[in-house]
1. Of the conditions (1) over 25 Å from Ile3 (Cα atoms); (2) in a loop (DSSP other than H, G, I, E, B); (3) of a type in the set (A, V, I, L, M), Leu116 fails just one. Which one is it?
2. I'd like the full set of residues that are of a type in the set (A, V, I, L, M, F, W, C), over 14 Å from Ser258 (Cβ atoms) and open to solvent by less than 70 Å² (accessible area, probe 1.4 Å), limited to the range 204-225.
3. Looking at the range 50-75 only, could you name the residues that are outside any helix (DSSP H, G or I) and either in contact (Cβ under 8 Å) with a residue 12 or more places away in the chain or closer than 15 Å to Ile3 by Cβ (or both)?
4. State whether the residues of the range 258-279 include one that is open to solvent by 80 Å² or more (accessible area, probe 1.4 Å) and in a loop (DSSP other than H, G, I, E, B).
5. What number of residues in the range 41-67 are open to solvent by 30 Å² or more (accessible area, probe 1.4 Å) and modelled with pLDDT under 85?
6. Only one of (1) aliphatic (A, V, I, L, M); (2) over 26 Å from the mean Cα position of the chain (by Cα); (3) in a loop (DSSP other than H, G, I, E, B) fails for Leu32. Which number is that?
Amino acid sequence: MQIILISGLSGAGKSIALETFEDEGFFCVDNLPLSFVLSFIEKFSEESSHKHLAIVVDARGFPDDLSEAKQVFASLDALPEHIDFIFLDATNEAIVQRYRDTRRRHPFYQEHLTLLDTIEHERELLQPLKKYMDLYIDTSCLSVHDLRAFIKKQLLKDHEQHTLSIQVESFGFKNGTPLNADFIFDARCLTNPHWEPLLRPKTGRDVEVIEYLQNRSDVQAYLKDLEDFFYTWLPRFEQGTRAYLTIAIGCTGGQHRSVYLAEQLAKVIAKRYPLIVKHRELHITHSFQKRSEEQ
C-alpha cells in the first residue's frame with residue numbers, strides 16, 4: 001500500500017496536492033487530526049481494498065503537547081507500510097498574496113492578529129514537524145499546474161497515472177451542437193456524399209463513403225489539420241488540470257462527413273490515448289484502446 005501524509009502551511013497548496021492524488025485514484029482524507037492517523041491507517045489497511053491512501057493533517061489537528069506528536073510519528077515509522085510525509089511551504093509574501101486573491105480567511109485568524117502575524121504563528125506551530133518530512137516542497141513560485149506536475153513526477157512515478165479521458169463525437173448541426181463539447185469543428189464546407197444517390201443512405205462508417213471521402217482533397221486536408229492540431233496539443237492539455245476532453249465534429253446531418261472525420265481522427269489519437277467515439281445522430285458509441293505507434 002502507498003500512503004502519503006500531507007502537511008504544511010495554510011495557503012501553501014495542501015488542497016491542490018490532495019486533489020492531485022484523488023485524481024490519480026487515491027482514497028483521500030482531509031484535515032484528519034494527527035492523533036487519529038495511526039488508528040485510521042490500521043483500520044483502513046484491514047478493511048479497505050484501496051491500495052493508495054493520502055491524508056492531510058494541518059496545524060489545527062496537532063496535539064497541544066508536541067511530545068504526543070513525536071509518539072505518533074514514531075508509531076507510524078513502525079508500521080509495515082511505508083509512509084511518505086510531504087511538507088508544503090511558501091514564503092510569507094506568496095501566502096499573503098494568495099489570501100488576497102482568494103479573499104478567504106486564514107484558518108488561524110484572530111481579531112488581534114494581522115494576516116502576516118497569523119502566518120508566522122502557524123509557521124511556528126509546524127516548525128518541529130519538519131524533521132519528520134520525506135519531501136519538502138516550496139510552492140512560492142509554483143503555479144497550480146507546476147505543483148501537480150511536480151507531485152506526479154516525485155511521488156507517482158511508479159503509480160499507474162490516469163490519462164486524459166477523451167471523447168470524439170460526430171453530430172448534425174441541424175439538431176444543435178453538443179452541450180459538453182470543448183472543441184467544435186464545422187465540416188459543412190467539405191464535399192458532401194449526400195448528393196451522391198448511391199451514398200445517401202449510407203454513413204461515414206461504410207466502405208463506400210470512406211473510399212469516396214478518401215479521394216476528396218478538401219476532406220483529406222481538413223483531416224490532416226485536425227490530426228496535426230491534436231497530435232501537438234493533447235499532451236499540453238494532459239499536463240494541466242483537465243480530466244476530460246470532448247472533441248465534436250459536425251456536418252449538416254451528422255451522417256457522412258462528421259462520422260468519417262471522427263472515426264479517422266480517433267484512430268490517430270488512439271496511438272497515444274484510449275478514447276470513446278460517439279456518433280450522436282447514428283446512436284452509436286464505441287471505444288478505441290490505446291495502441292502503439294507501430295500498429
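1. Of (1) over 25 Å from Ile3 (Cα atoms); (2) in a loop (DSSP other than H, G, I, E, B); (3) of a type in the set (A, V, I, L, M), only one is false for Leu116: (2).
2. Selection gives Ala221 alone.
3. His50, Lys51, His52, Leu53, Ala54, Ile55, Val56, Val57, Asp58, Phe62, Pro63, listed by residue number.
4. no
5. Residues meeting the conditions: 5.
6. For Leu32, the failing item is (2).
To keep it simple, each residue is scored yes or no on (1) at pLDDT below 90; (2) hydroxyl-bearing (Ser, Thr, Tyr); (3) touching an Asp or Glu at 6+ places or on another chain (Cβ under 8 Å).
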{"position": "Glu93", "(1), (2), (3)": "no, no, no"}
{"position": "Arg98", "(1), (2), (3)": "no, no, no"}
{"position": "Arg103", "(1), (2), (3)": "yes, no, no"}
{"position": "Pro107", "(1), (2), (3)": "yes, no, yes"}
{"position": "Asp117", "(1), (2), (3)": "no, no, no"}
{"position": "Cys141", "(1), (2), (3)": "no, no, no"}
{"position": "His145", "(1), (2), (3)": "yes, no, no"}
{"position": "Asp158", "(1), (2), (3)": "yes, no, no"}
{"position": "Asp182", "(1), (2), (3)": "no, no, no"}
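Results for (1) in contact with a Pro (Cβ under 9 Å, 6 or more places away or on another chain); (2) among the basic types (Lys, Arg); (3) open to solvent by 70 Å² or more (accessible area, probe 1.4 Å); (4) at negative phi, shown as yes or no for each residue.
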{"site": "Ser39", "(1), (2), (3), (4)": "no, no, no, yes"}
{"site": "Ala69", "(1), (2), (3), (4)": "yes, no, no, yes"}
{"site": "Pro80", "(1), (2), (3), (4)": "no, no, yes, yes"}
{"site": "Ile86", "(1), (2), (3), (4)": "no, no, no, yes"}
{"site": "Ile95", "(1), (2), (3), (4)": "no, no, no, yes"}
{"site": "Leu135", "(1), (2), (3), (4)": "no, no, no, yes"}
{"site": "Cys141", "(1), (2), (3), (4)": "no, no, yes, yes"}
{"site": "Asp146", "(1), (2), (3), (4)": "no, no, yes, yes"}
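The values are calculated or read from the model by the stated rules, or taken from the named source; none is laboratory data. If you're wondering where the values come from, they're calculated on a predicted model, not measured in any experiment. Note that each Cβ is placed from the backbone with ideal geometry, even for glycine, and that neighbours are counted across all protein chains shown. With ligands, DNA and RNA removed, areas are computed over all heavy atoms of the protein, side chains included. Shrake-Rupley method; radii C 1.70, N 1.55, O 1.52, S 1.80 Å.
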